[in-house]
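Report on the structure given below.
Nothing in this text is a laboratory measurement; each read-out follows from the coordinates by a stated rule. Just so it is clear, the structure is predicted and the values come from calculations on it, not from any experiment. Virtual Cβ from ideal backbone geometry, glycine too; neighbours counted across all protein chains shown.
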Amino acid sequence: PIESLRLARATMRPLFDTLDRGVEAGVFVGDPSEIATHLWAAGHGHISLEIHGFVDQDDAAFERLVGRMVHAHRT
């Protein structure tokens, strides 16, 4: 379990770093780690719904979700 968490965090490092720079530049407001967690959770939730057949696979819908999540954290 500890190794899995370490690997998961490592895959998220580029997102954390990008959001950190975005907060520093005034593009986003909030804690970069929290923003990344929101994006990660929303993405995984949507994909889980697709996998289990609750929603159709729709790349455009997924892109709208990510866009709305990003917009929610913009200044």
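A simple packing score, the average count of other Cβ atoms within 10 Å per residue, orders the peptides 25-35, 52-62 as 25-35, 52-62, with the highest score first. Taking amide H positions as modeled 1.01 Å from N, with prolines and chain starts lacking one, the residues under 5 Å from Phe28 and 5 or more places away or on another chain are Val23, Thr75. Here the sum of -39500 (n - 2.57) over DSSP H runs of 4 or more residues, divided by the residues of the chain, equals -26000 deg cm²/dmol at 222 nm, to the nearest 500.
Where the alpha-carbon atoms of the chain are placed on the principal axes, they occupy 39, 33, 14 Å, in descending order. Backbone geometry of region 15-24 corresponds, through the Karplus equation with coefficients 6.51, -1.76 and 1.60 at θ = phi - 60°, to 3J(HN,Hα) couplings of 5, 4, 5, 5, 5, 4, 5, x, 5, 4 Hz, x marking Gly and Pro.
Couplings 3J(HN,Hα) of region 33-49, computed from phi: 5, 5, 4, 4, 5, 4, 5, 5, 5, 5, x, 5, x, 5, 5, 4, 5 Hz, in residue order, whole Hz [Karplus 6.51 cos²θ - 1.76 cosθ + 1.60, θ = phi - 60°; x for Gly and Pro].
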